[in-house]
Amino acid sequence: MSTPISRSGRFAAGPDAAVQRYSESISFDWRLYPQDIAGSIAHATMLAKTGIITRRERDRIIKGLQIILREIARGQFRWKMELEDVHMNIESALTRRVPAAAKLHTGRSRNDQVATDLRLWVRDQSAALDKGLKNLQQSLLKLAARAKRRGSRDFLPIPGYTHLQRAQPVLAAHHLLAYVEMLARDRSRFRDAVQRANVCPLGAGALAGSSLPLDRRMTARLLEFREPMANSMDAVSDRDFVAEFLFVAALAGIHLSRLAEDLILWSSAEFAFIRIGDSHTTGSSLMPQKKNPDVAELGRGKSGRLIGNLTTLLTMLKGLPMTYNRDLQEDKPPLFDSAGTLRSTLEVFAGMLDATCFNPEACLRAVQDPNLLATELADHLVKRGLPFRKAHHLVGAAVQLAEQQDKTLLDLTRGEWKKVHPGLTDAARILRLDNALETRNRLFGAPGPRQVEAQLQRWKKLLRRVSGE
Ligand code: ARG
């Protein structure tokens with residue numbers, strides 16, 4: 001059994017077996033190996049530059065680390081639980097092969113080491129999640145472009161809802177583009193969070209820096225951090241960047257959950273606006289007719305984990321005295337879980353949207369509801385000089401009049417309209433779906449076909465760019 005490096009001199013006995021199992025982190029922090037090795041290579045390079053180790057020692061250390069990196073990537077490396085974490089597993093394997101590696105930990109503590117690894121990992125994951133978010137935006141955009149009337153190039157109208165009650169007509173593409181906007185904000189939040197995360201703790205040591213002539217600017221530069229962190233105590237104990245990452249992931253998860261909810265509703269027989277393909281639905285073991293939107297439901301459910309992970313981290317941090325405390329090891333499971341959960345959700349949701357199509361007949365049936373156009377009548381009266389409150393009241397009375405006779409607004413006679421208000425005698429002309437949509441062609445951000453087409457083109461262009469928006 002190998003002795004953990006951190007216990008080598010001070011302790012007479014090894015740790016209790018249950019304690020070892022309790023405190024190990026290698027079962028999850030092995031994921032940090034590329035970042036840990038990159039950090040060690042930068043550190044060794046700096047140690048040689050400042051004359052703390054020789055160039056030969058540096059070269060041997062770096063070569064050894066590169067071999068270990070390849071072994072781990074190929075699954076040929078044996079992780080040992082008794083070596084506790086990724087840092088000690090790698091260093092111990094290296095020291096066994098390269099005697100000079102005993103000098104690698106000079107001027108470094110696992111406290112600044114793990115903080116560095118984690119910042120690098122968050123940076124890498126944010127880039128991967130940005131790709132996933134962009135990919136989902138593209139799928140939303142493609143579905144929006146496909147949301148057309150059957151055999152036509154005209155956008156497909158659907159009812160827009162408030163309080164889940166039919167409100168006003170919109171275009172299905174407009175509805176989907178709302179999610180493209182949300183995901184764009186998620187992407188910008190990740191970018192913004194990385195800005196603050198991208199500073200280097202290396203050289204902060206356990207908490208109080210080092211008496212050795214380290215070059216912190218050099219390691220920061222080698223690892224492509226913006227700069228070294230300015231306070232060694234802050235450097236080893238700050239996990240704001242983990243909290244920010246988890247918040248951004250949770251909010252993105254909530255956006256996906258809301259999208260999931262729309263898709264679940266839309267795929268029900270009550271709406272029947274969409275069909276989700278067989279590849280992204282499941283059957284029931286009991287009811288032969290069922291086709292269930294399980295993928296969307298799981299995405300909605302997993303957003304709970306993302307919120308939970310943020311709460312776990314914030315709760316863990318809140319009572320910690322300065323500086324490093326072992327509690328901080330508990331930052332990793334929620335971080336890894338949120339990154340993985342969000343990545344896989346983004347991936348399957350993109351596939352699900354690609355396998356989804358609209359059912360134009362059902363959408364058109366729903367959007368024919370004349371009540372959706374009541375606001376158009378009120379606006380019509382406003383154009384004739386009535387105050388909106390008054391117009392709203394009059395049209396409301398017309399809705400009631402129709403309801404009392406079990407009719408729709410379209411069934412009211414000219415005479416009845418005239419009685420409500422002479423300005424509404426030609427209500428039938430206003431009560432046209434196309435009219436409601438066309439009159440929204442000029443207002444920026446409104447669901448008129450021309451506005452929606454312009455937004456669609458804008459997003460196409462933005463998402464074509466390498467970095468996106
Ligand atoms: N596995 C530890 C963590 O994740 C590494 C740092 C340990 N440092 C210490 N002083 N025990 O936080």
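Each reported figure results from applying straightforward, stated rules to the coordinates on display, with no laboratory input. Here the structure is a predicted model, which means the values were calculated and not measured. Virtual Cβ from ideal backbone geometry, glycine too; neighbours counted across all protein chains shown.
Amide H to amide H, which residues 5 or more places from Gly283 or on other chains are under 5 Å from it, using H placed in the peptide plane?
Asn292
Skipping prolines and chain starts, which residues have an amide H placed within reach, meaning under 5 Å, of the one on Asn359, given they are 5 or more residues away or on another chain?
Sorted by chain and number, the residues that satisfy this are Ile274, Arg275.
Starting from the Cα gyration tensor of the stretch 36-105, multiply each eigenvalue by 5, take the square root, and state the resulting semi-axes largest first in whole Å.
Semi-axis lengths for the stretch 36-105 are 21, 12, 10 Å.
Taking a ≥ b ≥ c as the square roots of the eigenvalues of the Cα gyration tensor of the stretch 7-71, is the shape rounded (a/c under 1.5), prolate (a/b larger than b/c) or oblate?
oblate
If you stretched the chain out fully between Arg458 and Lys142, how much longer would it get, using 0.36 nm times the residue separation minus the C-alpha to C-alpha distance?
Full extension of this stretch gives 112.4 nm more.
Go through 367-380, 313-326 and give me the packing order, highest mean Cβ count within 10 Å leading.
Result, highest mean Cβ count within 10 Å first: 367-380, 313-326.
From the mean inverse distance of alpha carbon pairs (Kirkwood) and the Cα radius of gyration, derive Rg over Rh for the stretch 268-389.
Rg/Rh: 1.24.
Among 165-175, 127-137, 47-57, how do they line up from the highest to the lowest mean number of other beta-carbon atoms within 10 Å?
The peptides rank, most packed first, as 165-175, 127-137, 47-57.
Students often forget the sequence filter, so: which aspartates and glutamates lie under 20 Å Cα-Cα from Lys80 once same-chain residues fewer than 8 apart are removed?
Asp16, Glu24, Asp29, Asp36, Glu71, Glu91, Asp117, Glu330
Measure out, as a whole number of angstrom, how far apart the alpha-carbon centroids of the stretch 271-322 and the stretch 159-197 sit.
Here the two parts' Cα centres lie 19 Å apart.
Amide H to amide H under 5 Å from Thr50: which residues, 5+ apart in sequence or cross-chain, H placed 1.01 Å off N in plane?
none
Let me check the size of the stretch 377-464 from its C-alpha atoms; what are the radius of gyration and Dmax in Å?
Answer for the stretch 377-464, Rg first and Dmax second: 17.0, 56 Å.
How high is the relative contact order of the stretch 355-413, in percent, counting Cα pairs under 8 Å that sit 6 or more residues apart?
29 percent
Which pairs, out of Lys131/Lys461; Lys134/Lys291; Lys148/Lys290; Lys134/Lys461; Lys142/Lys461; Lys383/Lys407, put more than 19 Å between their alpha-carbon atoms?
Lys134/Lys291; Lys148/Lys290; Lys383/Lys407
At 20 Å minimum axial length over the Cα atoms and a Kyte-Doolittle cut of 1.0, report the qualifying DSSP H helices in the chain, or say none.
Membrane-span-like by this criterion, though nothing is claimed about a membrane: 240-267.
Step by step: find N for the chain, compute 2.2 N^0.38 Å, then divide the Cα radius of gyration by it. What's the final number?
The chain yields a ratio of 1.33.
Over the chain, what is the mean sequence separation of C-alpha contacts under 8 Å (at least six apart), divided by residue count, expressed as relative contact order in percent?
RCO, the chain: 15 percent.
Only Cα pairs under 8 Å and at least 6 apart count here; give the relative contact order of the stretch 377-467 as a rounded whole percent.
With pairs under 8 Å counted, the relative contact order is 17 percent.
Show me the ranking of peptides 106-116, 292-302, 251-261 by mean Cβ neighbours inside 10 Å, starting with the highest.
In decreasing order of mean packing, 106-116, 292-302, 251-261 become 106-116, 251-261, 292-302.
Please report, in cubic angstrom per residue, the volume enclosed by the convex hull of the alpha-carbon atoms of the stretch 149-276.
162 Å³
For the chain, what does the helix formula give at 222 nm: sum of -39500 (n - 2.57) over DSSP H segments with n ≥ 4, over the residue count, nearest 500 deg cm²/dmol?
-19500 deg cm²/dmol
For all pairs of alpha-carbon atoms in the stretch 1-138, what percent lies in each bin of width 5 Å, listed from the first bin to the last filled one?
2, 9, 17, 20, 19, 14, 9, 5, 3, 1, 0, 0, 0
How big is D for the stretch 264-317, in µm² s⁻¹ as a whole number, if Stokes-Einstein is applied with the Kirkwood radius of its Cα pairs at 4 °C and 1.567 mPa s?
98 µm²/s
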